[in-house]
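Report on one structure; see the data block that follows.
The values are calculated or read from the model by the stated rules, or taken from the named source; none is laboratory data. Predicted model only: the values in this text are computed from it and were never measured. Cβ atoms come from the backbone with ideal geometry, glycine included; neighbour counts cover every protein chain shown.
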Amino acid sequence: MSAGFMLSPPLRTLVRWPAGLLLVSWRYLWMTTPLHRSEQCGDAGDLPPSLPDSLVDHRSLPATAGTGALWHRVFEVCVVDSALGPEDLIARMSSDLNAAAPTEAAVFDQLAGPGPPLRVGAEYVVRMAAPWDGPVRVVEVTGSSFRLATLAGHLEAGQVEFRARSAGHGLVFTVETWHRCASRLVDLLYTRLRLAKEIQLNMWVRYCVGAARVAGGQLHGGVRITTRRLDGAGLRQPGSRERAGS
């Protein structure tokens, strides 16, 4: 390809997604990392964190705007003998969201706002190994964590948080998600056929493994995945902490 001809990001996604999806599927089938999975019924404690009013607008896609059940999932790994501490790891990842990402499955591109490193209000799009993208907005950044919220056009309605903490001779890295499906079709793929659910699991498992690599330590005990399901009606009860934009 000549230097004078560049594909737009959406076209690059469309061109690469068949090969990317094939590679993701192949690696998922041959994954040797132990996965410890559990599924439980959810309750009001599984509701997502509140969104700052200043970061909610007509493009926001909170869980209350979704359809079907609320899915609260936690993906966690223990990293021993890590070269980086929790704050250093989060600083490294917030400077480059792709540092731990399985880039054949998903690539983070910044669309708007300050940074890098990650700043509240910045917007990114997750270029997936599929014919769709996932726009998100940064809604919280601390020394040991950062949180993203989905925007209109995403397949999920909710939030995802990345964080790290000290533990023994290393650290624990966690990806925590709260979401409902953005449409009935996505709900069919996620809840009934479980296809989107397994794709999501594969992505965040791979991200956790990538975080261990970035930390410069050894993965200990595989990946723990906890899934809690709360019926959509629970989001309409008093105490729901997330709201849609007006």
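Has the stretch 102-111 got any residue that is more than 25 Å from residue 153 (Cα to Cα) and among the acidic types (Asp, Glu)? There is no residue in the stretch 102-111 that is more than 25 Å from residue 153 (Cα to Cα) and among the acidic types (Asp, Glu). Entry remark, the stretch 110-155: residues being of a type outside the set (Gly, Ala, Ser) and either closer than 20 Å to residue 182 by Cβ or within 13 Å of the chain's Cα centre (by Cα) (or both) number 22 in total. Scanning the stretch 172-200 for residues that are within 30 Å of residue 81 (Cβ to Cβ), at pLDDT 95 or above and in contact with a helix residue (DSSP H, G or I) (Cβ under 9 Å, 6 or more places away or on another chain) turns up 172, 173, 174, 175, 177.
The residue of the stretch 78-95 that is surrounded by the fewest Cβ atoms within 10 Å (Cβ to Cβ), among those that are among the hydroxyl-bearing types (Ser, Thr, Tyr) and part of a helix (DSSP H, G or I), is 95.
Within the stretch 38-57, residues that are closer than 12 Å to residue 231 by Cα have Cβ atoms under 8 Å from residues that are among the acidic types (Asp, Glu) and surrounded by 15 or more Cβ atoms within 10 Å (Cβ to Cβ) in these pairs: 47/242, counting only partners at least 6 apart in sequence or on another chain. Here is the figure for the stretch 212-225: residues that are more than 21 Å from residue 88 (Cα to Cα) and surrounded by 19 or more Cβ atoms within 10 Å (Cβ to Cβ) total 2. Take the residues of the stretch 151-170 that are in contact with a helix residue (DSSP H, G or I) (Cβ under 9 Å, 6 or more places away or on another chain) and of a type in the set (D, E, K, R): which is nearest to residue 48 (Cα to Cα)? Applying the filter and picking the extreme gives 156.
Taking the listed residues 165, 180, the one that is assigned to a strand (DSSP E or B), buried (at least 22 other Cβ atoms within 10 Å of the Cβ), of a type in the set (D, E, K, R) and touching a residue at least 24 places away in the same chain (Cβ under 8 Å) is 180, with no other qualifying.
Total residues in the stretch 102-129 satisfying the condition of being out of contact with any Asp or Glu (no Cβ under 9 Å at 6 or more places or on another chain), without any contact (Cβ under 8 Å) to a residue 24 or more places away in the chain and either part of a strand (DSSP E or B) or not charged (D, E, K, R) (or both): the figure is 5. Residues in the stretch 183-211 that are of a type in the set (Ser, Thr, Tyr), crowded, with 17+ Cβ neighbours inside 10 Å and farther than 16 Å from residue 230 by Cα: 207 alone. Checking each residue in the stretch 131-154 for being out of contact with any Ser or Thr (no Cβ under 8 Å at 6 or more places or on another chain), hydrophobic (A, V, I, L, M, F, W, C) and either part of a loop (DSSP other than H, G, I, E, B) or farther than 22 Å from residue 69 by Cα (or both) picks out 132, 138, 139.
Taken over the stretch 136-156, the residue count meeting the criterion of being under 24 Å from residue 196 (Cβ atoms), surrounded by fewer than 17 Cβ atoms within 10 Å (Cβ to Cβ) and at pLDDT 95 or above is 1. Is there a residue in the stretch 58-74 that is among the aliphatic types (A, V, I, L, M), modelled with pLDDT of 95 or more, closer than 28 Å to residue 167 by Cα and outside any loop (DSSP other than H, G, I, E, B)? For the stretch 58-74, residues among the aliphatic types (A, V, I, L, M), modelled with pLDDT of 95 or more, closer than 28 Å to residue 167 by Cα and outside any loop (DSSP other than H, G, I, E, B): present. Considering 239, 232, 221, 245, the condition of being in contact with a Cys (Cβ under 8 Å, 6 or more places away or on another chain) and modelled with pLDDT under 95 is satisfied by 221 alone.
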